[in-house]
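Here's the structure, in structure tokens; my notes come after.
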Amino acid sequence: MLHFESKVRKWGRSLGIVVPKEGIEKEGIKANDAIDLFIVRKSNALKETFGTMRFTKPIRKIMEEIDREAWPE
């Protein structure tokens with residue numbers, strides 16, 4: 001598996017990415033090989049991957065409840 005950062009660039013009427021030479025050599029990629037890509041936008045990668053969580057109570061209240069349960073008096 002290969003992991004790297006690359007910017008999307010305009011090539012004619014298309015967009016493309018550049019795969020670093022080291023990665024190509026490591027994976028043995030050749031011209032016309034079929035590859036799979038997993039694309040994650042850098043701007044909000046965690047939010048897009050995991051979504052957002054909405055709480056019904058304020059975080060402070062939740063943390064106080066956890067403290068009471070973990071450290072009973």
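Only one entry of Met53, Met1 meets the criterion of being surrounded by fewer than 10 Cβ atoms within 10 Å (Cβ to Cβ), without any contact (Cβ under 8 Å) to a residue 60 or more places away in the chain and touching an Asp or Glu at 6+ places or on another chain (Cβ under 9 Å), and that entry is Met1. Counted as qualifying within the chain are the helices (runs of 4 or more DSSP H) with 3 or more residues that are modelled with pLDDT of 85 or more and of a type in the set (A, V, I, L, M, F, W, C), namely 59-70. With respect to Asp67, determine if the residue is surrounded by 10 or more Cβ atoms within 10 Å (Cβ to Cβ) and among the acidic types (Asp, Glu). Yes: the conditions hold for Asp67. Of everything listed in (1) over 22 Å from the mean Cα position of the chain (by Cα); (2) surrounded by fewer than 10 Cβ atoms within 10 Å (Cβ to Cβ), the single unmet condition for Ile29 is (2).
The values are calculated or read from the model by the stated rules, or taken from the named source; none is laboratory data. On a predicted model such as this, the values are computed, not experimentally measured, just so you know. In this analysis, Cβ positions are derived from the backbone assuming ideal geometry, glycine residues included, and neighbour counts consider all displayed protein chains.
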